Amino acid sequence: VTEPLPLVMDASTGVEGGGIYARQVARGNCVLGGGQGFALDNARARPGQNAVVDILRQAVELYPFLEGAQAIRTWSGTEGYLPDRQPVIGHSSTQPGLLHAFGFAGAGFQIGPAVGQALTEIICCGASKTSLDAFSITRFHSISVA
Ligand SMILES: Cc1cc2nc3c(=O)[nH]c(=O)nc-3n(C[C@H](O)[C@H](O)[C@H](O)COP(=O)(O)OP(=O)(O)OC[C@H]3O[C@@H](n4cnc5c(N)ncnc54)[C@H](O)[C@@H]3O)c2cc1C
C-alpha cells in the first residue's frame, strides 16, 4: 500500500497471468498485489522482500504515476492448496448432510459467488445445475497422506 496519491484510477486493474494487480482507494492509497511471501508457520506468513521490490519495480512501469511513491505497509497471507490446486465442493463422502466448499487457494473471491450459488441449489433443489463432479472429495480417495 502506497501513501495517498492524487486519484488516477477508479477500477481494479492487473496483468492477466502477469502476477501484478492494483487499485486505488478513495483516499488515494494504491493497493498493489502479487508475488509470494514466506510462511512463518502453518497459519502466518510475511511478504518476501524481493517480491515487494519486484512489484514496486513493475508497478512503476505499468502505472507511471507511482514513480517516487512511498510504500507505507505490506502484508501477506496463507493460501491453502490441494494437490491438484482445485477446491473440494459438494457432498461429504462420509457424513450425510455435510457439504464441503474449501481449498479455494488463490481464487476464492473470484469463484466464491458461483460456488455459493451451486451449494444453494443443492440445499434448496437437491442438485446443482452445474456439475460439481470434478470437485468431489472422492477424487483424493486413492491418495495416501504421509
Ligand atoms: C494475500 C492474499 C491475496 C488473495 N487475493 C485473492 C484475489 O485477488 N482473488 C481471489 O479470488 N482470491 C484471493 N485470495 C484467496 C482468497 O482469500 C481465498 O481463496 C478465500 O478467502 C478462501 O475463502 P474460504 O472461506 O474458503 O476460507 P477462509 O477465508 O480461509 O475462511 C476460513 C475460515 O474458517 C475459520 N476456521 C479455520 N479453522 C477453524 C476451526 N477449526 N473452527 C472454526 N473456524 C475455523 C478461519 O478462521 C476462517 O475465518 C487471496 C489470498 C491471500 C492470502
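Worth pointing out:
- Computed over neighbours whose Cβ is under 15 Å from that of Cys30, the net charge equals 0, Lys and Arg +1, Asp and Glu -1.
- With respect to the chain, whose longest principal axis is taken over its alpha-carbon atoms, helix 108-125 is tilted by about 30°.
- Taking a ≥ b ≥ c as the square roots of the eigenvalues of the Cα gyration tensor, an a/c ratio of 1.5 or more together with a/b no larger than b/c marks segment 88-140 as oblate.
- Ordering of 62-68, 123-129 by packing [mean C-beta count within 10 Å, highest first]: 62-68, 123-129
- Summing Lys and Arg as +1 and Asp and Glu as -1 over all other residues whose Cβ lies under 15 Å from the Cβ of Phe140 gives a net charge of 0.
- Percentage relative contact order, the chain, counting C-alpha pairs under 8 Å, at least six apart: 16
- Set of segment 27-47 residues, backbone N closer than 17 Å to the point 7 Å along the Cα-Cβ line of Arg57: 33-37
- Mean Cβ neighbour count within 10 Å, used as a protection proxy, ranking 1-11, 25-35 highest first: 25-35, 1-11
- In the chain, helices alone account for a calculated mean residue ellipticity at 222 nm of -7500 deg cm²/dmol, with every DSSP H run of four or more residues adding -39,500 (n - 2.57).
- Amide hydrogen neighbours beyond the local backbone of His100, cut-off 5 Å, H modeled: Gly90, His91, Ser92
- Contour minus Cα-Cα distance for Val8 and Val31 (0.36 nm per residue): 7.0 nm
- Projecting the Cα atoms of Pro113, Thr94, Gly17 onto the charge dipole of the chain, computed from C-beta unit charges around the Cα centre, puts Thr94 farthest toward the positive end.
Every read-out reported here was derived from the displayed coordinates using simple, explicitly stated rules and does not represent laboratory data. Since we're looking at a predicted model, the values are computed, not measured. Reconstructed Cβ throughout: ideal geometry from the backbone, glycine too, with neighbour counts over all protein chains shown.
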